[in-house]
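Okay, so here's the structure we're looking at.
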Amino acid sequence: MQKLLQLPVNAVNIVKTVQGVAQGQEEARSPVLTPDGGQQNWYSAVQPEELRHLRTASVFGSSGGEMLDSNKDSLKLEAMKRIVAMIARGKNASDLFPAVVKNVACKNIEVKKLVYVYLVRYAEEQQDLALLSISTFQRGLKDPNQLIRASALRVLSSIRVTIIVPIMMLAIKEAASDMSPYVRKTAAHAIPKLYSLDPEQKDQLIEVIEKLLADKTTLVAGSVVMAFEEVCPERIDLIHKNYRKLCNLLIDVEEWGQVVIINMLTRYARTQFLNPNINESLLEEGGEKAFYGSDDEDDDDEEKKAEAAALAKRKPYVMDPDHRLLLRNTKPLLQSRNAAVVMAVAQLYFHLAPKAEVGVIAKALVRLMRSHSEVQYVVLQNVATMTIKRRGMFEPYLKSFYIRSTDPTQIKILKLEVLTNLANETNISTILREFQTYIKSMDKDFVAATIQAIGRCATNIGEVRDTCLNGLVQLLSNRDELVVAESVVVIKKLLQMQPEQHSDIIKHMAKLTDNIQVPMARASILWLIGEYCEHVPKIAPDVLRKMAKSFTNEEDIVKLQILNLAAKLYLTNSKQTKLLTQYVLNLAKYDQNYDIRDRARFIRQLIVPTDKSGALSKYAKKLFLALKPAPVLESPFKDRDHFQLGSLSHLLNAKAGGYQELPDWPESAPDPSVRNVEVPEWTKCTSRKERKEKKVEKPFYSDSEGESGPTESADSESDTGSGSESGSEESGSGSESEESEEESESEEEEEDEEDERTKKKKKIEKSKPKKPESAERSECFPFRSMISSINLFIFSSSVDPTPSPQVTPVNNFLSSSLVADLEGLSLTDTVLAPTTIAPSSSVRMYELLHRITGEGLAVEYCFSRQPFSPDPHMVAVQIQFTNNTSSETKSLHIEDPKLQSGMRIKEFPEIAGESVNVVMGIDFCDSTQAANFQLCTHTRKFFVSIQPPVGELMVPAFLTENEFKKEQGQLMGMNEISEKLNLGEKCQSDHAIVERVTAKANLSRVPCGSEKENRFAGKTVSSGSLVLVTVARKEGGGAQLTVNCEKMVIGTMLVKDILQALTQ
């Protein structure tokens, strides 16, 4: 028998040994290593069956088993499906992390998706192993598939290690500019994760949030508002420009996003709009003061007159169009299938809507009463709060709050609360009949709550007080002790209102002391007898006698009331109760509870006068037998409306973590213009036909020329031709033409525009000869190339009146008629204005050879910013030779150039003379490395070098605003460098900024719809890489400088140069 018992143990040991050997071989082949460099033990001795099927065939001897290490994607896919299924069933699959994570590089999309699903679940638990694969996740951020990019970002943000915060920040910034809305949504979800990991990144995250808030997609809206709420809810200024867009997108956002946006807009509206019920609340306050002040009318006459004058002076309330827009756009969501959305809209109306309009939410909330008990509980909590201030809107739905026998206890109690709040003189008889039925319930807690509800009805409605009291007295004969006890407590409160009329009830309750054992009920009876002992002079001493017998066995609350009863009877009937009182006080003196001992000592000194008694003993009767006000039975939901309805804090009646207080209404309306968004004039037409006509009428040289692509329309309904509707919408909401945006136009319209442009191009080209190559880059602004020619002409004339033979003079391009045509242009693009063309004084000359070093020969050079005609990929360098000696200089030429890899030089031909200007071309290969060479004369050689500033390595690129935005969107992430700066005193105007930037870099101005932004564009001379510069001015003299460039080194150096120029 013993051998049989040992056999399985030996078998298990053998299996463990075989598994260990096979496992070691498996690890030798596996490329995955543990963080400490040791071997990874894949499994413990006992594993779930599912895990054992997912390992390699060599371990289990099954050649056809599903394997994560297999080369076949089908087997990997099957393995991943099983693992994800295990996770879905709640089983732990974290031991498989090393085997799964190496499959993140799998080329099969389906496998990769499932791997990322697994990694999102376990990346936070297995941080060390996840860090080993971080490069793979970064590669996933560049994957063509949007789901993979989003999953990679989700996994990256799930690794809670501070060391990768910069990588996460870079990934979020890049994803925020992704072409896919799903990836941008994931970036918004990652923002709160990064903020919780490193709160110091708040400023950078706010910039990303600001960018995402401007997103026009409904998929992103809810997520970015949630990020806004988590990171910077106090930054209301970020919402101003996006307020109308959010209101219009609300109906199309997913349900989760709708809840978040509505709650945020509720708080926003409370800070930006006036209280729509302000006049009503003032009238109510005035009425209350008049009622309570009627006793002293003479003193209050002046106050009343002042209040009346204040009310008369107050302007009549006019609702802000944006306030009306919010109410109108949220109202349809009351029909949502999602209870959270309906609840969010209901709280918005309760907190923001005029009193006359709040009633629309009642029907929607009553509809939610048919939902699950959890939903009912939350809805009833909010309805109970609403019924205190807005009783009238739920009265038509009184029967919807009747209690069913199948309702849970907490739902029954909340419905009772609502019914009690809704009770008035007209419906009280119906409600009391309902309450009589509820008292027969088997649910004791519910019965107790019903009795309390009857007491509240009796307190609030004087007409039914006697009826309720009689009904409660009848309950005193109930067989259930808890019902009797609750009735006693409620009767005690009601009797305090009219004790003289109900001495019979007090006598009846005194008899119950023998039967009722519930401490609270016994204490209530004793308090009643003691308080009104004069009405029952014969019964009270007998009750005290009975209580003295059982004093030591009573609960503490009952003992305290026995002491009070003894003290009151001693003061009113000392002959009969003196000995009893002393007996009770002696018992209490040695009680275990210190409260009872202290109370006994206090009462003895107060009611039994001695030589040591203080002055208080004279006032013992006044202290004990003072008239006490009747208790006011109030709803526990009375003061809950200071919490935002629908919030967790309101549900708990306590401030929960992360709760944001509902702001008070402002006394005066803030400036509504902060929500205005600048929209090009032609986009405000209400129909395509009008828009087309407007395009035909506008002059050829217009600001909005060439800005085709994504456009904005007055309203989404304008596509159907409903011009009258959109017109009325505009008048109702302020400027709804700025609120909703249209993504694209019809192809026919675009073709018509292209035809018109082509015809106009041909007309212009007839009046001038062929343009140079640099001018041909402008597609949407055909006249820009001519303006650049003017620039070059004036610039070259200011530098050197005699052009070199290598550079074709540009004055041949211009005709007198063309100049006359260009004089009449009225453009906002200030780069075309003559004042912004660099004057001769701003051209910087660099010293190539000093006259002392050159033995009388002085050489200077400058970057003329003219195209170098022999090779457009070279930078034109103008060199000026000056001979300061009497001897003649001959054979000036270049020898022995020493250049970095890739650089080229175009030498000028051998020259001679006293003062000579020549142009040479250098291909710096998009770097600021110096070009070294020998400058030779007929007698000497001088080693010289030319090093270019980074701004001279580029030529202007003429782009439209839409082209600029498109190119900028493709140059994000690592290709974008952004810096904040404070503009110098002499650099506060657009003119000064343009002048400083164009002086530092050979860029052209790009038209911009915003007055506070200046945009510049150029291309590197050698490779043609785009360089985009944006200077956005901010309030207080600050600015944001952003450079987008494929070549990061050039971008970094250009930021430093422009930063230096703008801060001087």
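The Kirkwood hydrodynamic radius of the stretch 364-442, based on inverse pair distances between different Cα atoms, is 12.8 Å.
Think of each Lys and Arg Cβ as +1 and each Asp and Glu Cβ as -1; about the Cα centre, that makes the dipole of the stretch 325-411 roughly 240 debye. Evaluated at q = 0.11, 0.15, 0.25 Å⁻¹, a Debye calculation over the C-alpha positions of the stretch 563-648 (equal weights, vacuum) places log10 I(q)/I(0) at -0.47, -0.65, -1.26.
With 24 Å as the cut-off, how large is the P(r) tail for the stretch 854-947, expressed as percent of Cα-Cα pairs? Across the stretch 854-947, Cα pairs with separations above 24 Å total 19 percent. Taking all protein chains as they are arranged and a probe of 1.4 Å, the heavy atoms of Glu963 leave approximately 60 Å² accessible to solvent. Computed over the stretch 979-1029, the quotient of the alpha carbon radius of gyration and 2.2 N^0.38 Å is 1.23. For the stretch 890-999, taking the reciprocal of the average inverse distance between every pair of different Cα atoms yields a Kirkwood hydrodynamic radius of 18.1 Å.
Working note: Cα gyration tensor of the stretch 94-148, eigenvalues times five, square-rooted, sorted largest first, giving semi-axes of 18, 12, 9 Å. Evaluate E = 1/(1 + (r/R0)^6) for Val318 and Lys965, where r is the Cβ-Cβ distance and R0 equals 41 Å; express this FRET efficiency to the nearest 0.05. It comes out at approximately 0.60. Rounded to whole numbers, the Karplus 3J(HN,Hα) couplings from phi for the stretch 932-946 are 9, 7, 9, 9, 10, 10, 6, 10, 10, 10, 10, 7, 9, 8, 10 Hz, using 6.51 cos²θ - 1.76 cosθ + 1.60 with θ = phi - 60°, and x at Gly and Pro. Per-residue 3J(HN,Hα) values for the stretch 950-964, derived from phi via the Karplus relation 6.51 cos²θ - 1.76 cosθ + 1.60 with θ = phi - 60°, read 5, x, 8, 8, 9, 10, x, 10, 9, 10, 7, 4, 5, 5, 4 Hz in sequence order (x marks Gly and Pro). A 1.4 Å probe, protein heavy atoms only, puts the accessible area of Tyr594 near 140 Å². For Asn593 and Lys621, what does the FRET efficiency come to when R0 = 25 Å and r is the distance between their Cβ atoms, rounded to the nearest 0.05? For Asn593 and Lys621, the calculated efficiency is 0.40. Across all Cα pairs in the stretch 545-602, the calculated P(r) in 5 Å bins from zero up to the longest distance comes to 4, 22, 35, 24, 12, 3 percent per bin. Separation of the stretch 995-1064 and the stretch 175-232, taken as the distance between their Cα centroids, equals 26 angstrom. Extension gain, Asp237 to Ser915, is 237.9 nm, computed as 0.36 nm per intervening residue step minus the present C-alpha separation. Projecting each Cα onto the charge dipole of the stretch 485-537 (Lys/Arg +1, Asp/Glu -1 at the beta carbon, about the Cα centre), which of Val536, Ile505, Ala485 comes out farthest on the positive side? My answer, from the dipole projection, is Ala485. Note that the stretch 87-104 has calculated 3J(HN,Hα) couplings of 4, 5, 7, x, 8, 7, 10, 5, 5, 8, 4, x, 6, 7, 5, 6, 7, 5 Hz, one per residue in order, obtained from phi through the Karplus relation 6.51 cos²θ - 1.76 cosθ + 1.60 (θ = phi - 60°); glycine and proline are x.
Close amide H partners of Ile905, meaning residues 5 or more places away or on another chain with modelled amide H under 5 Å apart, are Asp923. Sorted into 10 angstrom bins from 0, the C-alpha pair distances of the stretch 501-630 split as 13, 46, 35, 7, 0 percent. Stokes-Einstein diffusion of the stretch 932-1064 at 25 °C, 0.890 mPa s viscosity, Kirkwood radius from Cα pairs, rounded to a whole number: 156 µm²/s.
For each pair in Lys492/Lys559; Lys549/Lys578; Lys193/Lys216; Lys568/Lys589; Lys81/Lys112; Lys173/Lys202, compute the distance between the two Cα atoms and list the pairs where it is over 21 Å. Violating the 21 Å limit, Cα to Cα: Lys193/Lys216. Taking every C-alpha pair closer than 8 Å and separated by at least 6 residues, the mean separation divided by the residue count of the stretch 112-247 gives a relative contact order of 19 percent.
The values are calculated or read from the model by the stated rules, or taken from the named source; none is laboratory data. Because the structure is predicted, anything quoted here is derived from the model rather than measured. Backbone-built Cβ (ideal geometry, glycine too); neighbour counts: all protein chains shown. With ligands, DNA and RNA removed, areas are computed over all heavy atoms of the protein, side chains included. Shrake-Rupley method; radii C 1.70, N 1.55, O 1.52, S 1.80 Å.
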